[in-house]
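One structure is given below, encoded as structure tokens.
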Amino acid sequence: DGGITQSPKYLFRKEGQNVTLSCEQNLNHDAMYWYRQDPGQGLRLIYYSQIVNDFQKGDIAEGYSVSREKKESFPLTVTSAQKNPTAFYLCASSMVGVAGANVLTFGAGSRLTVL
Amino acid sequence: AQSVSQHNHHVILSEAASLELGCNYSYGGTVNLFWYVQYPGQHLQLLLKYFSGDPLVKGIKGFEAEFIKSKFSFNLRKPSVQWSDTAEYFCAVIRSGGYQKVTFGTGTKLQVIP
């Protein structure tokens, strides 16, 4: 079945450690996104990418980094510079440039807890 | 920058009551509008979308939404809710065309009491 796989589902890390969250899609979607979900704040965009080797900062990119070396993969690194990294992280993908594009398909999410 | 406002943060209804969740956006140009739903323990999924044409759009599970351009609104409605509609609902907007990003509202938690 086509979809988005995020791993790990749960992750615990100590303060000061970088963490990388994996996101893989087999939908042949061009665009991929990372959102952060916090209670009462909805989904906030961290980074997005519409083509390989190109990505754009979202609304809350500070303390995060991404790469897009392959169409299928869009890993997110939560660095030690992120002041409040404990959150639920959602990866999504969509088609681009066709009718019906911009409809997002989401992964199951990764819950990061920094101790 | 575009933004989305959802004014109802937590709504509690009895089964069979009617539902209307408000959504307003700030961008004045052409937009695509969405409602997504997150059922407990499940992925976020698309409920309905508006791209163009008839401003009254119908989605899954009996939900509908009306795009009112003059009010910058895209309110979600359902005539009679069920306990299984308990979920968190998110409105989202994207500017049409170009290299754009999807912006979400803060979400509305709906609790339906049997």
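Starting from residues that are of a type in the set (Gly, Ala, Ser) and loosely packed, with under 14 Cβ neighbours inside 10 Å, keep the ones in segment A:8-58 and report whichever is farthest from A:Thr77 (Cα to Cα).
If we filter segment A:8-58 for residues that are of a type in the set (Gly, Ala, Ser), which is where we start, we get A:16, A:22, A:31, A:40, A:42, A:49, A:58.
Retained after the next criterion (residues that are loosely packed, with under 14 Cβ neighbours inside 10 Å): A:16, A:40.
On the way: A:Gly16: 13, A:Gly40: 24 Å.
Result: A:Gly40.
Does A:Tyr35 count as modelled with pLDDT of 95 or more, touching a strand residue (DSSP E or B) at 6+ places or on another chain (Cβ under 7 Å) and within 30 Å of B:His10 (Cα to Cα)? When the stated conditions are applied, A:Tyr35 passes them. Checking A:Leu11, A:Leu21, A:Leu45, A:Leu27 one by one, the residue that is outside any strand (DSSP E or B) and of a type outside the set (S, T, N, Q) is A:Leu27 and no other. The single residue among A:Gln17, A:Gln25, A:Gln37, A:Gln50 that is more than 14 Å from A:Ser93 (Cβ to Cβ) and either charged (D, E, K, R) or within 14 Å of another protein chain (Cβ to nearest Cβ) (or both) turns out to be A:Gln37. Is at least one residue of segment B:24-31 touching a Pro at 6+ places or on another chain (Cβ under 9 Å) and outside any loop (DSSP other than H, G, I, E, B)? Within segment B:24-31 (the criterion being touching a Pro at 6+ places or on another chain (Cβ under 9 Å) and outside any loop (DSSP other than H, G, I, E, B)), the answer is no, since none of the residues qualifies. For segment A:80-100, the set of residues classified as modelled with pLDDT under 85 and under 19 Å from A:Glu24 (Cα atoms) consists of A:Val96 only.
Screening B:Leu13 on (1) assigned to a strand (DSSP E or B); (2) within 13 Å of another protein chain (Cβ to nearest Cβ) shows it passes everything except condition (2).
If you go through segment A:30-42 and keep only what is part of a loop (DSSP other than H, G, I, E, B) and among the charged types (D, E, K, R), you end up with just A:Asp30. Filter segment B:66-114 down to the residues that are assigned to a loop (DSSP other than H, G, I, E, B) and free of Cβ contacts under 8 Å to residues at least 60 places away in the same chain, then identify the one that is surrounded by the fewest Cβ atoms within 10 Å (Cβ to Cβ). For segment B:66-114, the residue satisfying everything is B:Gly98.
Keeping to segment B:48-65, report how many residues are within 14 Å of chain A (Cβ to nearest Cβ), part of a loop (DSSP other than H, G, I, E, B) and in contact with a strand residue (DSSP E or B) (Cβ under 6 Å, 6 or more places away or on another chain). Steps first, please.
To start, the set of residues in segment B:48-65 that are within 14 Å of chain A (Cβ to nearest Cβ) comprises B:48-53, B:57, B:59-60.
Pick out the ones that are also part of a loop (DSSP other than H, G, I, E, B) and you get B:51-53, B:59.
Restricting the remaining residues to those that are in contact with a strand residue (DSSP E or B) (Cβ under 6 Å, 6 or more places away or on another chain) gives B:51, B:59.
Adding up the residues that qualify gives 2.
The values are calculated or read from the model by the stated rules, or taken from the named source; none is laboratory data. Bear in mind the structure is a predicted one, so any value in this text is a computation, not a measurement. Backbone-built Cβ (ideal geometry, glycine too); neighbour counts: all protein chains shown.
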